[in-house]
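Everything on this sheet refers to the single structure shown next.
The values are calculated or read from the model by the stated rules, or taken from the named source; none is laboratory data. Quick caveat: nothing in here was measured; it's all calculated off a predicted structure. All Cβ positions, glycine included, derive from the backbone under ideal geometry; neighbour counts span all protein chains shown. Ligands, DNA and RNA are stripped out before the accessible areas are found, and what is left, the full protein with its side chains, is counted by its heavy atoms. Shrake-Rupley method; radii C 1.70, N 1.55, O 1.52, S 1.80 Å.
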Amino acid sequence: MRLSHIITIVLLTSVVSGCANFIESIGADHLLTLWTCKKIATYVSSDSEIFYDDHPSYHRSIGHWALSSSQKAMCVFEPGSPEDVAIALQILGKARTPFAVKGGGHTTNPGFSSTRGVHISMTRFSDVTYNPSVRTATIGAGMTWDDVYATLQSHGVTVVGGRVSGVGVAGFTLGGGYSWLTDQYGLAVDTVEEYELVMSNGTIVTVTESSGPDLFFGLKGGFNNFGIVTKFTLRTFPQSLVWGGTLIMDDTGIDRLVDATQNFIENNHDPKAAIITSYGYLLGSQIAFSLIFYDGPKPPKGLFDDFLKIEAHQDVGTRSYLSLVQSSPVSLSSGRRGTFHTIPVIEYTRAFQVAAIDEIWRCATQSGLNPYIVTITFEPFGFLRELDLNKGSVSHAAVPPRRTRATGAHPLVMYAAWEDPTMDERMHEAIRTVMETLDEKLTTAHVDEANTQDFGEEKNLLATPMIVPIPPLELYGNYAIIGTPVEDIYGDSLPRLRKIKEEVDPGNVMGLAGGWKF
């Protein structure tokens, strides 16, 4: 750490303590926040900037993919260096001022990367550095995957990153990170080599598995609990042209899409192939999407024929990896209020697909809800368990937790978007209800299967159904709806994560920011 940086921290600590005590004594929270903004502006370097709601960049900085995720902050802080992030964290911690850290802004949970206090926008951390000698890429925390892929494709490599356009690097990677390449290489967290982390005490550290195994474990899924990550160094992988794209269809194609999806789930044996299938309701009509992917210029003959035979708008072919990522129809719902939710699934059946379609149709047509769009999305990963068994090192991460890894479970995702802010809580509750219903259907199916295996099919038909205790699987934090207990996300990883948190942030400065808190 630079000597000037250390001196600055020492000076501002004493100043902040005295002024914060005075302002708190008069109970003026907004004055304290304004004072914090001005104090950060005083001490940080010219690499960074503080601005307010009259600045032309203010609304861009606080904006999110989902309108309901944004809040009107007192000020925006755009740091330009890790040292300035450290100074800001010192001031925020001493003043106990609420803040937020925003990378790409794709979260749909209100308050997770937004605040009415100090909004830290990581926009200026926007560099990608490729190191061919060790086959890694160092990526700034303010980037989206679109920009990362665009930079790396000229080198003939890519990283395990987002599958659709507009997703930020930071939240995606800190939360786990399912990718088109996951069945080959694991989640994004499984490919991280090091983090540049600004801790709440102002220390800037490089965290690797050898330098700090506990903290390295925690950062692999622990979001912003331990400090602010400014850079990620990820392993790269060779990347040529890929094949795939998007199919969009009306209700006449849904039955065939259910069959195509189920056939792929049951019969695909190629980890280079992947799909995302979504069934939905859009402005009063049923609609379905399928994103299909093969990591190569052409897929094996017949692999995706069931999808291509469906009458649909098709944008499918050989293309760059970036082009495929940008082909997804995410713009259909951006800029509206919205949220995700999820449940873990080990194995899909055709009957469960149909049940999921029926549930979201009922949700969408409930009187008074009036959503713009509701979707249920199947993201099957058929090789995760095998990958984890073959490469035991990939499981050294907080997310997915041990039980989820052991079963090969992956997330089923529900999404809804709407216009009316007065409907926020009703929409959240409706989404929770749908996912609880589907989770019960899955649990019942697992019990029935266990009974059949224990007693044999004929005997089971005559037996009184028994209750088979099934330990709950964890929910994926990047999709889980606000209000989900952290125990449901981290499972038996949580005690270890809480211990790490106490060691690296004893004053709970990062607790002043939103998100999943230990």
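Data for the structure
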| quantity | calculated |
| --- | --- |
| Candidate set: the stretch 88-109, residues that are assigned to a loop (DSSP other than H, G, I, E, B) and not hydroxyl-bearing (Ser, Thr, Tyr); chosen: the one farthest from Ser331 (Cα to Cα) | Arg96 |
| Residues of the stretch 246-264 that turn out to be closer than 14 Å to Asp305 by Cα and not hydroxyl-bearing (Ser, Thr, Tyr), as a count | 9 |
| Matching residues in the stretch 407-436 - criterion: being open to solvent by 40 Å² or more (accessible area, probe 1.4 Å), in contact (Cβ under 8 Å) with a residue 12 or more places away in the chain and under 29 Å from Leu384 (Cβ atoms) | Thr407, Arg432, Thr433 |
| Of residues in the stretch 270-298 being open to solvent by 10 Å² or more (accessible area, probe 1.4 Å) and in contact with a Gly (Cβ under 8 Å, 6 or more places away or on another chain), the one nearest to Ile310 (Cα to Cα) | Phe289 |
| Elements of type helices (runs of 4 or more DSSP H) in the stretch 110-186, at least 2 residues being over 26 Å from Leu512 (Cβ atoms) | 145-152, 182-185 |
| Residue check, Ala355 of a type in the set (A, V, I, L, M), loosely packed, with under 14 Cβ neighbours inside 10 Å, over 22 Å from the mean Cα position of the chain (by Cα) and under 15 Å from Leu442 (Cβ atoms) | no |
| Pair list, Cβ < 8 Å and 6+ apart or interchain, from the stretch 54-66 residues that are within 21 Å of Asp424 (Cβ to Cβ) to residues that are among the charged types (D, E, K, R) | His59/Asp53; Ile62/Lys72; Ile62/Lys102; His64/Lys102; Ala66/Arg336; Ala66/Arg337 |
| Index of the failed condition, Thr339 passing every other in (1) closer than 12 Å to Tyr415 by Cα; (2) more than 18 Å from the chain's Cα centre (by Cα); (3) among the hydroxyl-bearing types (Ser, Thr, Tyr) | (2) |
| Among residues of the stretch 69-80, those that are assigned to a loop (DSSP other than H, G, I, E, B), open to solvent by less than 10 Å² (accessible area, probe 1.4 Å) and among the small types (Gly, Ala, Ser), counted | 1 |
| Residue, nearest to Ile87 (Cα to Cα), within the stretch 38-64, restricted to residues that are among the aliphatic types (A, V, I, L, M) and assigned to a helix (DSSP H, G or I) | Ile40 |
| Top-ranked residue in the stretch 465-482 [being within 21 Å of the chain's Cα centre (by Cα) and open to solvent by less than 40 Å² (accessible area, probe 1.4 Å); ranked as modelled with the lowest pLDDT] | Leu473 |
| Number of the exception - Ser328 against (1) within 25 Å of Thr484 (Cβ to Cβ); (2) surrounded by fewer than 21 Cβ atoms within 10 Å (Cβ to Cβ); (3) among the small types (Gly, Ala, Ser) | (1) |
| Selection from the stretch 492-518 of residues that are open to solvent by less than 20 Å² (accessible area, probe 1.4 Å) and over 30 Å from Thr36 (Cβ atoms) | Ser493, Leu494 |
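For every residue, the table says whether it meets (1) open to solvent by less than 20 Å² (accessible area, probe 1.4 Å); (2) at pLDDT below 95; (3) among the basic types (Lys, Arg).
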residue	(1), (2), (3)
Pro82	no, no, no
Thr108	yes, no, no
Ser114	yes, no, no
Arg135	no, no, yes
His155	no, no, no
